[in-house]
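Structure record follows, encoded as structure tokens.
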Amino acid sequence: MPQFEQVGVFSSLIFWSLVSFAILFVLLKKYAFPPILEALEERESKIRNDISSAEQLRAEGQKIKAELEAELKKAHEKANTIVQLAHDEAKKNQDKLLQETQAKIKQMQQEAEYEIQSSRNKLFNDIRNYAAELTVASVEKFLRKRLDDQTSQELINESIDEVIRSMEQSAN
Amino acid sequence: MLRNAIGKRYADALSKSITDARNLDGVLWSLQSFCSAFEAQPDLVRFFAHPGIPQENKAQMVQTLCDQLKAGDAVRSMILLLTERKKILFLRSIANYFEKVSDERLNQVRVTVSATRELANDQVNHLRDALGRILNKKIIIETRVDNTLIGGVTLQVGDTVADASIRNRLSILKQAIEKEEVV
């Protein structure tokens, strides 16, 4: 290459360039690199820390998420239990109300039947009493009209025999 | 209760004081006459019950009444004793008990027969003979007319009643109809 054909011309330049590079390198290594490296390390450390923090936060987040999910699941279960209990309670109340209503209806029915029976009995009693009164009054009226002296005497004679028989039975 | 106890005590005492049973009827008649007089004359009751009238006046009144009724000594003594002990107002109870005691001693029983018509003699005699045979006692029959019986007779001997009247039969009929079950 033509560039390397001129080495002889620029040898001193190359030499001094190398020397100045070396000096610059040494200076840089002594004064510039350490703070830069330190800064880089700090930066790296910070980034590592940040990453670590982020990882930790992420882990915590995951944990919180898991906890929240668990809480949510629990809340779900609890809600389901409450709903089930409410449902059971409502069913129980409904059954109880139904039973009470049925018992009340039965009692009302029995009371109504009893009342009907009482009214029926009372009515029949009244009819019987009225029929008895009417019959006796009619028979008495009839007998008073039809009983003449002869019949009365015959009746008295029969009654005397009857009371004598009655007294005989009592004496025996 | 007290009235009964007093009546029984004095009646028993009076009966014991009469030894001859044949006099019992006369004594009973006198006692009943006194009772009738007391019941007919309320003033007589007030006279004997009045605490202000002297005992001598009451005794005098008893003697007068006994003379009028021709009461025997036993009755006279009894009435005087009752006046003295202020028990004259129990005379009805005493007479009733004496009737029972007298009937027991005389082995007789009083029978009340009620009928719608006055009983004929042969009916009364038939009843007396039959009851005398059944009860083995002398029967004294008192007859009453009761038109409420409608027909037939009722008979009362002491606490026993034999009712063969139409009224009783109608009453039984009425009870039977009232008890009749309706299907």
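With respect to the conditions (1) modelled with pLDDT of 90 or more; (2) within 19 Å of the chain's Cα centre (by Cα), B:Leu89 lacks only one, and its number is (1).
Scanning region A:124-148 for residues that are open to solvent by 100 Å² or more (accessible area, probe 1.4 Å) and over 17 Å from B:Arg167 (Cα atoms) returns a single hit, A:Tyr130. Looking for whichever is within 7 Å of chain B (Cβ to nearest Cβ) and open to solvent by 60 Å² or more (accessible area, probe 1.4 Å) here; the options are A:Ser170, A:Ser166. Which one fits? Sole residue among the options that is within 7 Å of chain B (Cβ to nearest Cβ) and open to solvent by 60 Å² or more (accessible area, probe 1.4 Å): A:Ser170. Number of residues in region B:41-72 that are touching a residue at least 24 places away in the same chain (Cβ under 8 Å) and polar (S, T, N, Q): the value is 1. Within region B:159-171, none of the residues are within 7 Å of chain A (Cβ to nearest Cβ), hydrophobic (A, V, I, L, M, F, W, C) and surrounded by fewer than 17 Cβ atoms within 10 Å (Cβ to Cβ). Put simply, of A:Glu71, A:Glu158 the only residue that is open to solvent by 70 Å² or more (accessible area, probe 1.4 Å) and over 30 Å from B:His126 (Cα atoms) is A:Glu71. Considering only residues in region B:134-158 that are surrounded by 14 or more Cβ atoms within 10 Å (Cβ to Cβ) and in a helix (DSSP H, G or I), the one that is nearest to the other protein chains (Cβ to nearest Cβ) turns out to be B:Ile134. Any residue in region B:101-110 that is part of a helix (DSSP H, G or I), open to solvent by 70 Å² or more (accessible area, probe 1.4 Å) and over 24 Å from B:Phe38 (Cβ atoms)? Yes: one or more hits. Tell me the residue from B:Ala120, B:Ala130 that is within 9 Å of another protein chain (Cβ to nearest Cβ), out of contact with any strand residue (DSSP E or B) (no Cβ under 6 Å at 6 or more places or on another chain) and surrounded by fewer than 17 Cβ atoms within 10 Å (Cβ to Cβ), please. Result: B:Ala120 is the single residue among B:Ala120, B:Ala130 that is within 9 Å of another protein chain (Cβ to nearest Cβ), out of contact with any strand residue (DSSP E or B) (no Cβ under 6 Å at 6 or more places or on another chain) and surrounded by fewer than 17 Cβ atoms within 10 Å (Cβ to Cβ).
The values are calculated or read from the model by the stated rules, or taken from the named source; none is laboratory data. Please read all numbers here as calculations on a predicted model, not as lab measurements. Please note: Cβ atoms are built from the backbone with ideal geometry, for glycine as well, and neighbour counts cover all protein chains shown. In case anyone asks, the SASA skips ligands and DNA or RNA and just uses the protein heavy atoms, side chains included. Shrake-Rupley method; radii C 1.70, N 1.55, O 1.52, S 1.80 Å.
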